[in-house]
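In what follows, a structure is listed as structure tokens, so that the remarks can point back to it.
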Amino acid sequence: MSTTIDPRAQAGFANAAAYDAHRPSYPSEAVSSLLSHLNIAGKSGAHIVEVGKFTELLAAREERYEIIAVEPQADMRAQLKAKNLRGVTIIEGNAAGMNVEEGWADACVAAQARFATSSTIENLDTEKRENVKKQVLEVLSGGDVERNEKGELVLHGSTYHAWTSRI
């Protein structure tokens, strides 16, 4: 899979070590709250697809999650790989194009994945937004996963969305 990245984003993330050293993170209380909403807090070995900053925070937890980290930028993938995080597999992709087996994940987290900002890294129009939702829902698994009459996944207890379209 080859991910197309806006040249401005490519340049901005080219010095992955500097970006990684100064990027914002999240308080442990916020991480725990999110994982509780996703019904995976305390769930040993849960499968998580992660797009963004949460990879290290998830890998450090006592649950020993199995994580697929989806990252579009080659330098950022190399930076993450160099950390040799327990339980983490790193793949090329983005939230709109995850090459993850359908039904593999118990949760999908996309923190700090930028779709539409003042620098217009990527404009997430209606079609792209629907594709992201489809990708996320397809990788989710679990006994409470249902499909409607159209074959689409029905939102369930393991799905927690926080979408923003404007700042």
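Each reported figure results from applying straightforward, stated rules to the coordinates on display, with no laboratory input. Every value quoted in this text rests on a predicted model; they were computed, and no experiment measured them. Positions of Cβ are generated from backbone atoms using ideal geometry, with glycine treated the same way; all protein chains shown enter the neighbour counts.
Under the classification rounded if a/c is under 1.5, otherwise prolate if a/b is larger than b/c and oblate if not, where does the stretch 34-80 fall, given a ≥ b ≥ c as square roots of the Cα gyration tensor eigenvalues? Could the numbers behind the result be given before it?
On the way: a/c = 2.60, a/b = 2.13, b/c = 1.22.
It is prolate, given that a/c is not under 1.5 and a/b is the larger ratio.
On a full-extension model of 0.36 nm per residue, what is the gain between E29 and A74, subtracting their alpha-carbon distance, rounded to one decimal in nm? Before the final figure, lay out the partial values.
Details: separation 45, 0.36 × 45 = 16.20 nm, distance 3.06 nm.
Separation in residues times 0.36 nm, less the Cα-Cα distance, equals 13.1 nm.
Could the peptides 27-39, 88-100 be put in order, highest first, of the mean number of other beta-carbon atoms found within 10 Å of their residues? Display every interim value, and only then the final one.
Numbers: 27-39: 14.8, 88-100: 18.4.
Ranked from most to least packed, the peptides come out as 88-100, 27-39.
Among Y65, Y26, rank each residue by its count of other Cβ atoms within 10 Å, from fewest to most, as a rough exposure measure. It would help to have the intermediate numbers written out before the result.
Details: Y65 24, Y26 15.
Going from least to most buried by this count: Y26, Y65.
Name the shape class, rounded, prolate or oblate, that the alpha-carbon gyration tensor gives for the stretch 1-111, where a ≥ b ≥ c are the square roots of its eigenvalues, rounded holds for a/c under 1.5, and otherwise prolate holds if a/b is larger than b/c and oblate otherwise.
Values: a/c = 1.91, a/b = 1.43, b/c = 1.34.
Prolate, because a/c is 1.5 or more and a/b exceeds b/c.
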